[in-house]
Amino acid sequence: KWKGAPEIKGESGWSVKPKGRVLYDFANLSSVPSTIDIPGEGFSSEARRLRFGIQGTMPGGFGYKLIADYLDGVVLTDAYMSYQDGPLKIIIGQQNTFQGLEELSSSNDTSFVERSAFTDAFGFERRVGLSATYNLGDFMLEGGIFSDNIDDLNDGNNSFSVDGRVTYATLVDDALIHLGSSVHIRDLGDEIDSIRYRQRPLVHSVDTRFINTDQILGAEDELSYGLEAAVIAGRFHMAAETHWAKINRVELADPTFFGGSIEAGYFLTQDQREYKGGVFKGVKVSNPVGNGGTGAWQINLRFDRLDLVDAGIVGGEQDAYMASLIWTPVNNVRFLLDYGHLAYSNALDIVEGAPKDFSVNVLGARTQLSF
Amino acid sequence: KWKGAPEIKGESGWSVKPKGRVLYDFANLSSVPSTIDIPGEGFSSEARRLRFGIQGTMPGGFGYKLIADYLDGVVLTDAYMSYQDGPLKIIIGQQNTFQGLEELSSSNDTSFVERSAFTDAFGFERRVGLSATYNLGDFMLEGGIFSDNIDDLNDGNNSFSVDGRVTYATLVDDALIHLGSSVHIRDLGDEIDSIRYRQRPLVHSVDTRFINTDQILGAEDELSYGLEAAVIAGRFHMAAETHWAKINRVELADPTFFGGSIEAGYFLTQDQREYKGGVFKGVKVSNPVGNGGTGAWQINLRFDRLDLVDAGIVGGEQDAYMASLIWTPVNNVRFLLDYGHLAYSNALDIVEGAPKDFSVNVLGARTQLSF
Amino acid sequence: KWKGAPEIKGESGWSVKPKGRVLYDFANLSSVPSTIDIPGEGFSSEARRLRFGIQGTMPGGFGYKLIADYLDGVVLTDAYMSYQDGPLKIIIGQQNTFQGLEELSSSNDTSFVERSAFTDAFGFERRVGLSATYNLGDFMLEGGIFSDNIDDLNDGNNSFSVDGRVTYATLVDDALIHLGSSVHIRDLGDEIDSIRYRQRPLVHSVDTRFINTDQILGAEDELSYGLEAAVIAGRFHMAAETHWAKINRVELADPTFFGGSIEAGYFLTQDQREYKGGVFKGVKVSNPVGNGGTGAWQINLRFDRLDLVDAGIVGGEQDAYMASLIWTPVNNVRFLLDYGHLAYSNALDIVEGAPKDFSVNVLGARTQLSF
């Protein structure tokens, strides 16, 4: 059976499937204030994700996923074994920590070249842990206990987190409604005593962060929580998320930062966004180019806010207005074009020479193949 | 044909099979003397092995194996091409150097989370070389000439070793008897002039070595040799190994160190250890959980000694008493639970603050999926 | 369908194929002048290439290739997505830049263990870019615009190049005639201001470069161009290439360096070199060893010149005389034996202690498996 790559299935529960993705980005950053001198102004490009791995199942309900990204050496993304028994799924190993709707949806299926600013800013990442997912009809419960990212584990790192998410999805007059909420409590342990929140200007090929708290010292615990809502109604979809991150510090004020975004999209062709298991899935192109069709064409708009100013920490605020055009000629292949106007405030000297308030414009393009 | 993953076979000798393993460890180290302050005390965890690669055969008797471990960047394990002609097998490339029964058996099939202390202490590793294996009925002869590990090769490293092993395996009243011996002679060459022997306390997630010779300077050659014996009688098995390692030094005394272990195990279920080609193989679960069975349950006991004290070198002695419980719900998946009481002597200040004699306790757990 | 590995094909354009290669080299460097003290003299060995990846196609004409080399960490080679429509092929991502006949032919199919000296000396490498190939009967046009190698991309690297190649291939009395030419113009951008040309003595396991311009400062642009000619007539083949590389510098003289080689080869068995799409392909062994045959046996001779002396830059000259014997027992497996006599001039102190004129001898051997 072909799902982008052959999923080879054997008797009694065996299956195996190669997984890969090739994403290249091209970007242009303009309107940077003349007092700021950064190498990323103008054109930049990069390989955004080059991943390869394998996923499979075994008799008895066991499965595995082992994927690595080959940029900057090799970095493991998903690396776990799983056990499925009816509505219950247990996962041991490196995995996502139920951060939220957009973070949990594959980066192959996003509406823009990058996810909302807060998902990177608040340090969402995969971590090693033990999790359980339980399906209860329209409700889905997810929770787990995690240590740290596989590259940050050593015998002195005793940080750990408890993460949970609950989602509700139902059909109302053929429209899918998704509601969700997640909570994340992390004890930083004995070795970690600072946290830094920061974010790039929409495109990843630019390394400058116009918004950046720098290392917040004295950190002991991190508490974050988010709300999610989404609608898919035929060719139309809408999604909104908010997330708050609070750092508890020793004998210092405890700042709470905020990020959130709202987006709406529409397919110009007879297509729609897919949804399954509490996350968005890739579009199934109804008229692919190989068969004389035009592929799927989609436009999206987004407002994306990130506020890194609180309790004496001045990391800047970002209000971003974005539009994207996505062409999916066939399943597994996408071309994205994005425009973003990013307005920063409370950003004085966060980057050397930055004024208090300014804005930049970015144009981003991506070619994407995934399976 | 499924062997954990599909082994795709074509006409006239073609075959190819993906290979992978996902091993996560969780450990607790306790009873460390209060004068020793190390980060690994208490709970620690790590991804122990995340490997992926490919193995195959071609017409004419040629084959290959190319496997990498993705932890700490990427490290090649087996990386060779082979030629098989009847009882003779020739291998060129990075491979094991016929070190001994437990080292040559896959780490997927061990009786404890880690192999006997001497296998790491004496620096057993894969090396690049040319080897031949010859099967003579009950006897098997293995030998080769090797340079160094693929990561240590450079145009100035002219170290080389000659390694050989002979094994004898026969059936006596349905019981398999294995006897073996190996010899290893290594010229360190012009660039390498020191050797260090050391070992972790049973679990790999703890980085402290309570037993450690530090760099032994003036080393020119290394001679090591070992004896092996094993019995598989139905659900019961026993295995014992000893190994001596001698360092020849310039104008300095030549120390000889010793390591050895003896273990016995018993399956609580109708299962048994497998053996083939001079090494242990994975259990073939007779009643897997997917078919209403309980999987295979096995208990093991081991005494493991390592003596790194000789000829003026005082690297400590370790006497370890261990027990393990292994659940293999289906072929290719294992869960291991280990307990170890490790008594150290002649260990004064090998770790800062260590008394001459002390002991520690460790609890180790592993989840394992391999194919 | 087996092509070294199974090429799994599905309905409507799907296909996927694992790709790998295992190459080990063994070399001996002798006759080095006694005033030169280098570690690589005498025997050296290394894993030359250990690559693994995946290649596939999708409906609609889309395809991809994702290959990494696992030596020295992990280095991406081909990493691209492609689109084919009749005679036109478009590639986005890291790929070769149409450098020349021998560079574009796979290193699995070369006549010697290494390609001609100029191919490494002039810095031929894969780069990220957008390219198009167009087939016009006997003619083939290739061209593209490229940034830099994937490991050298960052948001300040704005170097780019335009690369083009035209080839003509036709049959004259059963003999294939290939003619080609390529041109390469590269703007080094704001961050790169120097270029270094250098080369090893035939075998890659020796790290010393007897010929080396060192960093040529003040470089702004690089212009290089080459000519190609080849003949395959039954068991006989001949190939010749020349390449000039010119560096444009700020207020400094602009040196032009030259490299070129000519080779002739003959199969002792009923075999011949293959050619397709403007490059050499691997031999299809007519009598493989598995079927009682002797495999393919080939001898080759080559003269290889590299001149790195011009406009005040004295990087040395190399005239190399080489012979090789290649045994291909079955498709996908090769054993190579090479001899080279390398005469250097204008090489005073390029390596510490080097006289103005001298020569060295090298013996190189390779075992190779690829699919």
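No lab work stands behind these numbers, since they all come straight from the coordinates. The structure displayed is predicted, hence computed values, not measured ones. All Cβ positions, even for glycine, are placed from backbone atoms using ideal geometry, and neighbour counts span all protein chains on display.
Using 7 Å Cα-to-Cβ label points, what is the C:GLU352/C:LEU325 separation (nm, one decimal)?
3.9 nm
Can you show me the helix-derived [θ] at 222 nm for chain A, built from DSSP H runs with n ≥ 4 at -39,500 (n - 2.57) apiece and divided by the number of residues, rounded to the nearest 500.
Taken over chain A, the calculation gives -500 deg cm²/dmol.
Share of Cα-Cα pairs in the stretch A:330-371 beyond 15 Å, in percent?
59 percent
Over the stretch A:138-241, what per residue volume does the convex hull of the Cα atoms give, in whole Å³?
Hull volume over Cα atoms, normalised by residue count, gives 142 Å³.
Give A:LYS9/C:LYS65; B:LYS17/B:LYS284; B:LYS89/B:LYS246; A:LYS19/A:LYS281 a once-over and call out the pairs whose C-alpha atoms are over 27 Å from each other.
B:LYS89/B:LYS246
Report the Stokes-Einstein translational diffusion coefficient (µm² s⁻¹, integer) for the protein assembly as shown, Rh taken as the Kirkwood radius over Cα pairs, at 37 °C with viscosity 0.692 mPa s.
In µm²/s, the coefficient is 102.
Mind giving me the FRET efficiency for A:ASP72 and A:VAL172? R0 is 45 Å, r the Cβ-Cβ distance, nearest 0.05 is fine.
Rounded to the nearest 0.05, the efficiency is 0.50.
So for the pair B:ASN248, C:ASP214, with labels modelled 7 Å out along Cα→Cβ, what separation do we get in nm?
Computed distance between label sites B:ASN248 and C:ASP214 equals 4.4 nm.
May I ask for the Rg/Rh ratio of the stretch B:19-370, computed from Cα atoms with Rh as the Kirkwood radius, given to two decimals?
The Rg/Rh ratio comes out at 0.96.
To the nearest 0.05, how large is the calculated FRET efficiency for C:GLU7 and C:ASP85 if R₀ is 22 Å and r is the Cβ-Cβ distance?
0.55
Starting from the Cα of A:VAL162, step 7 Å along the direction of its Cβ; do the same at A:LEU301; then give the gap between the two resulting points in nm.
4.3 nm
Taking the alpha-carbon centroid of each part, what is the distance from the stretch C:329-350 to the stretch B:85-141 in angstrom?
34 Å
Would you please state which residues of the stretch A:43-87 a label at A:TYR134 would reach in this model, taking the label point 7 Å out along Cα→Cβ and a backbone N cut-off of under 16 Å?
Counting backbone N atoms under 16 Å from the label point, the list is A:84-87.
Between beta-carbons, use under 10 Å as the cut-off and find the net charge around A:HIS184, counting Lys and Arg +1, Asp and Glu -1.
Value of the local net charge: 0.
Can you tell me, using C-alpha contacts under 8 Å and at least 6 residues apart, the relative contact order of the stretch A:15-370 as a whole percent?
16 percent.
Find every distance from the label point of C:GLU191 to the corresponding label point in the other copies (7 Å from Cα along Cα→Cβ) and write them in nm, one decimal, shortest first.
3.0, 3.0
Given C-alpha coordinates of the stretch B:202-278, what is the ratio Rg to Rh with the Kirkwood estimate of Rh?
Answer for the stretch B:202-278: 1.14.
Run the label-point distances for B:ASP349 please: 7 Å along Cα to Cβ, every other copy, nanometres, shortest first.
5.0, 5.0
What residue among C:GLY292, C:GLY129, C:GLY143 shows peak mean-square fluctuation when chain C is described by a Gaussian network model with Cα springs under 10 Å?
The residue that fluctuates most here is C:GLY292.
Dividing the alpha-carbon Rg of the stretch B:228-349 by 2.2 N^0.38 Å yields what?
That works out to 1.38 for the stretch B:228-349.
Averaging sequence separations of C-alpha pairs under 8 Å and six or more residues apart, then dividing by the length of the stretch A:138-215, give the relative contact order as a whole percent.
25 percent
Taking the stretch A:203-297, which GluC sites (Glu not before Pro) meet the DSSP loop condition and have no more than 10 other C-beta atoms within 10 Å?
Qualifying residues, ordered by number: A:GLU251.
Can you tell me which of A:GLN99, A:GLN84, A:GLN298 moves the most in a GNM of chain A? Springs connect C-alpha atoms under 10 Å apart.
Of A:GLN99, A:GLN84, A:GLN298, the most mobile in the Gaussian network model is A:GLN84.
Please report, to two decimal places, log10 I(q)/I(0) for the stretch B:42-154 at q = 0.11 Å⁻¹ as given by the Debye formula with identical point scatterers on the Cα atoms and no solvent.
Rounded to two decimals, the profile gives -0.42.
Less than 11 Å from a label point 7 Å out along the Cα-to-Cβ axis of B:ASP37: which backbone N atoms in the stretch B:195-239 qualify, by residue?
none
If one computes the Cα centroid of the stretch A:205-282 and of the stretch B:219-265, what distance in Å separates the two points?
One Cα centre to the other: 57 Å.
Could you check which residue among A:TRP327, A:TRP244, A:TRP14 shows the biggest mean-square fluctuation in a GNM of chain A with a 10 Å Cα cutoff?
Per the Cα network of chain A with a 10 Å cutoff, A:TRP14 tops the list.
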